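K.L.:
Handing you this structure, nothing more for now.
What follows is calculated from the coordinates using simple rules that are stated; it is not laboratory data. This structure is a prediction, so every number in the text was calculated from the model and none was measured. Reconstructed Cβ throughout: ideal geometry from the backbone, glycine too, with neighbour counts over all protein chains shown.
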Amino acid sequence: MTMNDILSKLKATNDRYSMFHAMTEDSDPGESKFLFSAKDNLTSCDMETCSGSRILIGYRPAFDATSIAKMRAAGGKLIGKCNMDEFGFGTFSSNSGLEIPRNPYDLERACGGSSGGSACAAAVFEDHVSLGVSTGGSICCPASFCGVYGIAPTYGRVSRYGLIDYGNSLDKIGVISARAGDLRRYVHVIAGKDEKDPTSCVQPELKDEGRKLKSVAIPKEGVEGLSKDVEKTFNDSVEALKGIGVDVEHVEMPSLKYAMPAYYVLATSEASTNLARYVGMRYGQQKGDLSLKFDDYFSSFRSEYFGDEAKRRILLGTYTRMAGFRDRYYAKALKVRQIVIKDYKRVLADHDAVLAPTMPFTAPRFDDISKMSALDAYKADYLTIPANIAGTPHMSVPCGYDGDGMPIGMQFVADHWNEEVLFDIAERWEKGFDMKKPEVGA
Ligand code: GLN
């Protein structure tokens, strides 16, 4: 599809897949060099930004997020803001307070989350690239469920200025695309220290021709609890990797199983403070009964506009930070985080990447998701969370399809600042991989 084709079919395609919450009205690409979309928690001055939440309906930011500004400066045209779980809270994008994106391989199934709309758009509009955000796996999970490539760079590589925070110590902006080469191309565009974000780092420069990926370690803990199809496809992919000269070793990383509980303590602790600013007095919705006392006004407004999962996370995160419990939960989770980092450093001293399937199963049906408890959904993240709490760069690569034709992904985790080995293996893998694109309708 040319840029003109994509722009002229934007609305009709969105009616089918619901990947965008807001879209450009402009069907002329003009001088643009490429098209891009962005998760709706990145502020954009020309489109409403809601972060998947009803509480932000009507919010038109006065400025662009740095990552969006850099894409525009490189010649990109922003075509849409992608649907997502409310504030990033979820694994299937079904916790959205707005529209829920549908999987391009089967409309009755989820796209993954929380950057579900971004992965959906990447799979449907091949000649475009999407910016996603990962806190605990929200780039790799949807990339895997939608059969595309997705990378979350090292924490601090990309400025978070203009990102509506979920967990400030965890959030990473990255790239999702149907084309492996886009990961290298657009991480180069958005990377760099930004004076406006003190957590963006002075960093080793990304090179055009970086290090090659020569060896991977597969942790025992990363291949437990998989569906039969994921297990078989992953094993076949490992053989294919050996065939292109990658050394494979099996290792143990005992800390990985503690990452998931630690993450949900850290992420909810940070989220509960970040959500405190939404009280119905600024940003988006400002409806409410002003005759109420201020705390009654805040409570009634927040009860009305936050979704169930946001409320659950406020409760959990407020509890884990409470005086008296802080050491037992929050401080302990920080210690677990250090142990996970050490475990990666130990294994990555001898290997270029840690490898495992991205998700233990393929994209579930919406009716099955509605039967899952919150805990079932949290547990589904056990493969993507460790790299996220370690702040290490990680990438999902499509590696096969299950019996129903649903995509399966594998995840490579490299050491801090070593994105280049990930770009290298994605590009080499793409050459030999038989990608089955979804049949796209509008
Ligand atoms: N599923 C995880 C969560 O709900 C990760 C989501 C994310 O990375 N934003 O927290």
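K.L.:
Which is farthest toward the positive dipole end of the range 1-149 among Thr91, Gly30, Pro101, measuring Cα position about the Cα centre, with Cβ charges +1 (Lys, Arg) and -1 (Asp, Glu)?
P.N.:
Thr91
K.L.:
Place +1 on the Cβ of every Lys and Arg and -1 on the Cβ of every Asp and Glu in the chain, take the dipole about the Cα centre, and give the residue among Ser300, Gly112, Pro153 whose Cα lies farthest towards its positive end.
P.N.:
Ser300
K.L.:
Do you know the relative contact order of the chain, to the nearest whole percent, from alpha carbon pairs under 8 angstrom that are 6+ apart?
P.N.:
The normalised contact order for the chain reaches 19 percent.
K.L.:
Something else: Got a sec to turn the phi values of the range 375-383 into Karplus ³J(HN,Hα) couplings, 6.51 cos²θ - 1.76 cosθ + 1.60 with θ = phi - 60°, whole Hz, x for Gly and Pro?
P.N.:
Coupling constants for the range 375-383: 5, 4, 5, 4, 5, 5, 8, 5, 8 Hz.
K.L.:
Name the residues whose placed amide hydrogens come within less than 5 Å of the amide hydrogen of Thr358, ignoring near sequence neighbours (fewer than 5 apart) on the same chain.
P.N.:
Those qualifying (amide H under 5 Å, at least 5 residues apart or on another chain) are Gly409, Met410, Gln411.
K.L.:
Determine the distance separating the Cα centre of the range 1-18 from the Cα centre of the range 406-442; give it in Å without decimals.
P.N.:
Taking the Cα centre of the range 406-442 as reference, the centre of the range 1-18 is 24 Å away.
K.L.:
Something else about it: Would you mind pulling out the separation of the Cα centroids of the range 142-157 and the range 320-388, in Å?
P.N.:
16
K.L.:
Moving to a separate point now. Calculate the dipole size of the range 59-100 relative to its Cα centre from +1 charges on Lys and Arg beta carbons and -1 charges on Asp and Glu beta carbons; express the result in debye to the nearest 20.
P.N.:
I would put it at about 320 debye.
K.L.:
Taking 8 Å as the Cα distance limit and 6 or more residues as the minimum spacing, I'd like the relative contact order of the range 149-211 as a percentage.
P.N.:
Relative contact order for the range 149-211 comes out at 39 percent.
K.L.:
Give a residue-ordered list of calculated ³J(HN,Hα) values for the range 36-45 (Karplus: 6.51 cos²θ - 1.76 cosθ + 1.60, θ = phi - 60°; whole Hz; x for Gly, Pro).
P.N.:
9, 10, 8, 3, 7, 9, 9, 5, 9, 6
K.L.:
Relative contact order of the range 101-179: what whole-number percent is it, with Cα pairs under 8 angstrom and at least 6 residues apart?
P.N.:
It comes to 33 percent, rounded to a whole number.
K.L.:
Tell me, what HN-Hα J-couplings in whole Hz come from the Karplus equation 6.51 cos²θ - 1.76 cosθ + 1.60 at θ = phi - 60° for each residue of the range 220-227, using x for Gly and Pro?
P.N.:
Once θ is set to phi - 60°, the couplings for the range 220-227 become 4, 5, x, 10, 9, x, 8, 5 Hz.
K.L.:
Where Lys and Arg each count +1 and Asp and Glu each count -1, what net charge lies around Gly284 among other residues with Cβ under 13 Å from its Cβ?
P.N.:
Summing Lys/Arg as +1 and Asp/Glu as -1 gives +2.
K.L.:
Right, here's the next one. Can you report the principal axis dimensions of the range 328-442 using only the alpha carbons, biggest first, rounded to whole angstrom?
P.N.:
48, 40, 24
K.L.:
Using a simple charge model, +1 on the beta-carbon of Lys and Arg, -1 on the beta-carbon of Asp and Glu, nothing else, what dipole does the chain show about its Cα centre, in debye to the nearest 20?
P.N.:
Its charge dipole is roughly 1080 debye.
K.L.:
5 Å is the cut-off here: which amide hydrogens, built 1.01 Å from N in the peptide plane, fall below it relative to His21, excluding neighbours closer than 5 in sequence?
P.N.:
Answer set, sorted by chain and number: Lys81, Cys82, Asn83.
K.L.:
Under 20 °C and 1.002 mPa s, how fast does the chain diffuse according to Stokes-Einstein, given a Kirkwood radius computed over C-alpha pairs? Answer in µm²/s, whole number.
P.N.:
It comes out at roughly 100 µm²/s.
K.L.:
Can you tell me the dipole magnitude for the range 314-435 around its Cα centre, using point charges on the Cβ only (Lys, Arg +1; Asp, Glu -1), in Debye to the nearest 20?
P.N.:
980
K.L.:
P(r) of the range 62-134 in 5 Å steps, Cα pairs, percent per bin?
P.N.:
Binned Cα distances yield the sequence 4, 18, 24, 22, 18, 10, 4, 1.
K.L.:
Right, next: Over the Cα atoms of the range 84-171, what is the Rg over Rh ratio if Rh follows Kirkwood?
P.N.:
Dividing the radius of gyration by the Kirkwood radius yields 0.96.
K.L.:
Using the charge dipole of the range 165-300 (Lys, Arg: +1 at Cβ; Asp, Glu: -1 at Cβ; taken about the Cα centre), state which of Val265, Ile173, Gly222 has its Cα farthest towards the positive end.
P.N.:
Checked the options; the winner is Ile173.
K.L.:
Here's another thing I want to ask about it. Out of residues 5 or more away from Ser215 or on other chains, whose amide H comes under 5 Å of its own, with H placed 1.01 Å from N in the peptide plane?
P.N.:
Residues meeting the criterion, in which the H sits 1.01 Å from N, are Asp247, Asp352, Ala353.
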